[in-house]
Amino acid sequence: MKPLHNKGVMDYLKLAFNTLVIPITGLLVFLLIWAGAASMIDTSLGKFPGPAQVYQQSTTLYQEHINERTKEVAFYERQEKRNAKKLAEDPAAKVKIRPYTGKPTFFDQIITSLLTVMTGFLIASAIAIPIGIIIGLSPTLYSAFNPLIQIFKPVSPLAWLPLVTMVVSAVYVTQDPMFSKSFITSMITVLLCCLWPTMINTAVGVATISTDLVNVSRVLRLSWITHIIKIVLPSSIPMMFTGLRLSLGIAWMVLIAAEMLAQNPGLGKFVWDEFQNGSSNSLGRIMVAVLVIGFIGFLLDRVMLLLQRKFSWDKTAILR
């Protein structure tokens with residue numbers, strides 16, 4: 001094995017310093033400042049939670065989740081034993097399994113929020129991207145739709161929430177609903193906030209395609225569909241993903257607020273319930289939720305960056 005050149009060793013050490021030492025140092029400094037500031041803040045529920053208290057509550061929440069899942073398994077096992085005994089006595093007897101109705105845990109709320117935000121985001125993307133492409137291809141349509149987009153884009157989805165709630169309650173009426181009304185309400189609220197950034201960024205990306213590429217498409221006499229697939233989509237993907245990233249980030253923030261306001265299941269409701277609970281552990285549990293919300297938002301953004309790097313010709317996007 002050849003010895004490393006001095007310059008190569010220095011470059012390696014510099015990279016390790018920038019990627020490991022500096023971030024870890026920043027995290028430690030943040031934890032020290034947080035612990036010091038928390039010890040000086042008194043609230044009606046006691047001291048503001050520091051890192052140690054938050055870690056303790058995170059382990060408590062995890063243990064509560066494990067206990068709840070254990071109760072759920074035992075609940076179904078008891079039913080199975082009871083039904084088996086009933087069938088042994090009378091093979092024609094009718095048996096049924098009642099669903100478990102235990103309180104959702106913190107981790108259940110996380111899954112609920114993720115399912116809601118991803119459903120709304122994917123449906124919004126399926127609507128916004130085609131419309132954005134059509135608008136971007138036509139200057140006339142772009143001029144017609146742009147004022148509407150600019151009017152609705154700054155409207156907070158929370159302002160739509162009362163209207164969405166009323167419409168869903170009036171329209172979504174069924175004896176055997178596939179989805180709960182709370183899920184539909186939260187999902188549509190997320191959808192409304194995802195539409196505009198993706199639509200306008202896609203339209204701008206399509207409208208600013210190089211004229212050279214457009215001329216090549218005309219020379220080759222590509223069909224409309226082929227032109228979209230071969231020219232429009234590859235050229236507009238960077239702007240499209242910018243809109244998707246903005247939409248997903250906004251959607252995640254809005255969903256938490258909507259869940260708090262409408263008391264729909266999810267992390268927002270968990271935070272509000274803990275605030276209303278007012279126990280000595282509530283602040284620590286709320287802080288756990290705050291950190292989890294931030295971490296999930298960061299992961300969602302990283303996932304979008306990875307997807308952009310995979311599907312876009314702009315391979316430096318992951319570095320920004």
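Out of all the residues in segment 74-84, is one or more in a loop (DSSP other than H, G, I, E, B) and hydroxyl-bearing (Ser, Thr, Tyr)?
Within segment 74-84, not a single residue is in a loop (DSSP other than H, G, I, E, B) and hydroxyl-bearing (Ser, Thr, Tyr).
State which residue pairs qualify: first residue among the charged types (D, E, K, R) and inside segment 15-43, second residue modelled with pLDDT of 85 or more in any location, beta carbons under 8 Å apart, and separation of 6 or more residues or different chains.
Short answer, once both residue conditions are applied: Asp42/Phe48.
Do you know which residues across segment 129-161 are of a type in the set (Val, Ile, Thr) and within 18 Å of Gly249 (Cα to Cα)? Lay out the reasoning, then the answer.
The first filter runs over segment 129-161 and keeps only residues of a type in the set (Val, Ile, Thr), leaving 129, 131, 133-135, 140, 149, 151, 155.
Passing the criteria: Ile129, Val155.
Tell me which of these Pro154 doesn't satisfy, since it passes every other one: (1) surrounded by fewer than 15 Cβ atoms within 10 Å (Cβ to Cβ); (2) in a helix (DSSP H, G or I); (3) not acidic (Asp, Glu).
The one condition Pro154 does not meet is (2).
Just one of Phe275, Phe298 is at pLDDT below 90, surrounded by fewer than 17 Cβ atoms within 10 Å (Cβ to Cβ) and closer than 19 Å to Met253 by Cβ; which is it? Walk me through how you get there before you give the answer.
On the way: Phe298 fails: at pLDDT below 90.
Going through Phe275, Phe298 in turn, the sole match is Phe275.
Collect the residues in segment 211-230 that are surrounded by 13 or more Cβ atoms within 10 Å (Cβ to Cβ) and small (Gly, Ala, Ser), keeping them in residue-number order.
Within segment 211-230, Ser217 is the sole residue that qualifies.
Among the helices (runs of 4 or more DSSP H) confined wholly to segment 186-296, which include 3 or more residues that are over 30 Å from Tyr62 (Cα atoms) and either basic (Lys, Arg) or touching a Ser or Thr at 6+ places or on another chain (Cβ under 9 Å) (or both)? So that I can check it myself, show each step before the final result.
On the way: elements: 211-219, 224-227, 233-262, 267-277.
The qualifying helices (runs of 4 or more DSSP H) are 211-219, 233-262.
Just to be sure I understand the filter: pairs with C-beta atoms under 7 Å, separated by 6 or more residues or on different chains, first member in segment 209-228 and farther than 14 Å from Ser138 by Cα, second member in a helix (DSSP H, G or I) and among the aliphatic types (A, V, I, L, M). Which pairs pass?
Leu213/Ile231; Ser217/Ile231
Yes or no: segment 244-257 includes at least one residue that is among the polar types (S, T, N, Q) and under 29 Å from Phe183 (Cβ atoms). Outline the logic, then answer.
Here is the first cut: in segment 244-257, the residues among the polar types (S, T, N, Q) are 247.
From the residues that got through so far, the ones that are under 29 Å from Phe183 (Cβ atoms) too are 247.
Yes: one or more hits.
With respect to Thr43, determine if the residue is at pLDDT below 85 and of a type in the set (S, T, N, Q). Outline the logic, then answer.
Numbers: at pLDDT below 85: yes; of a type in the set (S, T, N, Q): yes.
Yes, satisfied.
Specify which of the listed residues (Ser247, Ser180, Ser236, Ser282) is under 23 Å from the mean Cα position of the chain (by Cα), buried (at least 18 other Cβ atoms within 10 Å of the Cβ) and of a type outside the set (A, V, I, L, M, F, W, C). First the steps, then the outcome.
Numbers: Ser180 fails: buried (at least 18 other Cβ atoms within 10 Å of the Cβ); Ser236 fails: under 23 Å from the mean Cα position of the chain (by Cα); Ser282 fails: under 23 Å from the mean Cα position of the chain (by Cα).
So the residue among Ser247, Ser180, Ser236, Ser282 that is under 23 Å from the mean Cα position of the chain (by Cα), buried (at least 18 other Cβ atoms within 10 Å of the Cβ) and of a type outside the set (A, V, I, L, M, F, W, C) is Ser247.
Examine segment 254-272 for a residue that is within 30 Å of Ala207 (Cβ to Cβ) and either surrounded by fewer than 22 Cβ atoms within 10 Å (Cβ to Cβ) or among the hydrophobic types (A, V, I, L, M, F, W, C) (or both), and state whether such a residue exists.
yes
The values are calculated or read from the model by the stated rules, or taken from the named source; none is laboratory data. Computed from a predicted model, the values in this text were never measured in an experiment. Don't worry about glycine lacking a Cβ; one is built from the backbone with ideal geometry, like all the others, and counts go over all protein chains shown.
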